[in-house]
1. Do we have V95 as surrounded by 14 or more Cβ atoms within 10 Å (Cβ to Cβ), out of contact with any strand residue (DSSP E or B) (no Cβ under 7 Å at 6 or more places or on another chain), under 22 Å from Q143 (Cβ atoms) and β-branched (V, I, T) here?
2. If we scan the stretch 111-118, do we find a residue that is free of Cβ contacts under 8 Å to residues at least 60 places away in the same chain, of a type in the set (D, E) and part of a loop (DSSP other than H, G, I, E, B)?
3. Run W84 past the list (1) surrounded by fewer than 20 Cβ atoms within 10 Å (Cβ to Cβ); (2) at pLDDT 95 or above; (3) of a type in the set (F, W, Y) and report the number of the one that doesn't hold.
4. Is there a residue in the stretch 150-160 that is outside any loop (DSSP other than H, G, I, E, B), of a type in the set (S, T, N, Q), crowded, with 17+ Cβ neighbours inside 10 Å and in contact with a Gly (Cβ under 6 Å, 6 or more places away or on another chain)?
5. Given R30, R50, which one is in contact with a helix residue (DSSP H, G or I) (Cβ under 9 Å, 6 or more places away or on another chain), basic (K, R) and either closer than 25 Å to A86 by Cβ or surrounded by 14 or more Cβ atoms within 10 Å (Cβ to Cβ) (or both)?
6. For the stretch 13-37, which positions are within 19 Å of S92 (Cβ to Cβ) and either in contact with a strand residue (DSSP E or B) (Cβ under 9 Å, 6 or more places away or on another chain) or hydrophobic (A, V, I, L, M, F, W, C) (or both)?
7. Given the structure, is E115 touching a helix residue (DSSP H, G or I) at 6+ places or on another chain (Cβ under 6 Å) and either of a type in the set (A, V, I, L, M, F, W, C) or crowded, with 16+ Cβ neighbours inside 10 Å (or both)?
8. Just the residues that are free of Cβ contacts under 8 Å to residues at least 12 places away in the same chain, under 20 Å from I6 (Cα atoms) and not in a helix (DSSP H, G or I), please, taken from the stretch 121-149.
Amino acid sequence: MAGTWIAYTALLALLQFIIYPAVTAPWQLRASGIAAGLVVTAGCLVLARRVVADFHARPWQWLVGIGCVVAGSAVRIVALDLSWAAALAQVSFYVLAVGLPEETLFRGVIWRQLEAVLDRKVWVLLVNSALFGLSHLPALVSQHSPLWILATLSLVGAVFGLVRACGGSIPLLAGIHVGWDLVQF
């Protein structure tokens, strides 16, 4: 579990401190994020085949997940007065570079690894939430954000973890995650 989290956080640090500063066009930034997200998601599915089962969702979970993405997109389009092309680019980025890979990793792979070593779900939830918050440290440092945001992100991770603990699937969690990210300006 520690190796999985360290590798992911190292990838985020590489993106934040080396790749993102080197690119000049916004499309290059999004493309590199999407490429990294797809690598993380594919890596999780290949290395931890049990996580594939977490993608099997009930129809209502797919609908709620997609509904969260649509609602978040609508808020973003109206609030930022985006064109449809810009909105599609942003939604694609948040789905492929953020929501899907983070939920596959944290509420899929790492969640299952924690369940294997911790005897109580509450510990799985707490450790998973802390790791989720801490994984955002490279982005917070590179953007000179206040570190108290780590606590906020850990709380958001706890909410996602509660959904997971109550039988939430990766599609549901990814949709909620993307919807949440889209309404953050």
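The values are calculated or read from the model by the stated rules, or taken from the named source; none is laboratory data. Please read these numbers as outputs of a predicted model, since none were measured by experiment. Don't worry about glycine lacking a Cβ; one is built from the backbone with ideal geometry, like all the others, and counts go over all protein chains shown.
1. Working: surrounded by 14 or more Cβ atoms within 10 Å (Cβ to Cβ): yes; out of contact with any strand residue (DSSP E or B) (no Cβ under 7 Å at 6 or more places or on another chain): yes; under 22 Å from Q143 (Cβ atoms): yes; β-branched (V, I, T): yes.
Criteria met by V95.
2. Taking the stretch 111-118 as the starting set, the residues that turn out to be free of Cβ contacts under 8 Å to residues at least 60 places away in the same chain are 111, 115-116, 118.
Okay, now just the ones that are also of a type in the set (D, E), so 115.
Applying the additional criterion that residues be part of a loop (DSSP other than H, G, I, E, B) yields none.
Within the stretch 111-118, none of the residues are free of Cβ contacts under 8 Å to residues at least 60 places away in the same chain, of a type in the set (D, E) and part of a loop (DSSP other than H, G, I, E, B).
3. Failed condition: (2).
4. First pass over the stretch 150-160, keeping only residues outside any loop (DSSP other than H, G, I, E, B): 150-160.
Now drop any that are not of a type in the set (S, T, N, Q), which leaves 152, 154.
From what's left, crowded, with 17+ Cβ neighbours inside 10 Å: 154.
Among the residues that remain, those that are also in contact with a Gly (Cβ under 6 Å, 6 or more places away or on another chain) are: 154.
Yes, some residue in the stretch 150-160 is outside any loop (DSSP other than H, G, I, E, B), of a type in the set (S, T, N, Q), crowded, with 17+ Cβ neighbours inside 10 Å and in contact with a Gly (Cβ under 6 Å, 6 or more places away or on another chain).
5. Values: R50 fails: either closer than 25 Å to A86 by Cβ or surrounded by 14 or more Cβ atoms within 10 Å (Cβ to Cβ) (or both).
Result of the check over R30, R50: R30.
6. Narrowing the stretch 13-37 to residues within 19 Å of S92 (Cβ to Cβ): 15, 19-20, 23, 25-37.
Those that are within 19 Å of S92 (Cβ to Cβ) and either in contact with a strand residue (DSSP E or B) (Cβ under 9 Å, 6 or more places away or on another chain) or hydrophobic (A, V, I, L, M, F, W, C) (or both): L15, I19, V23, A25, W27, L29, A31, I34, A35, A36.
7. Numbers: touching a helix residue (DSSP H, G or I) at 6+ places or on another chain (Cβ under 6 Å): yes; either of a type in the set (A, V, I, L, M, F, W, C) or crowded, with 16+ Cβ neighbours inside 10 Å (or both): no.
The answer is no for E115.
8. L147
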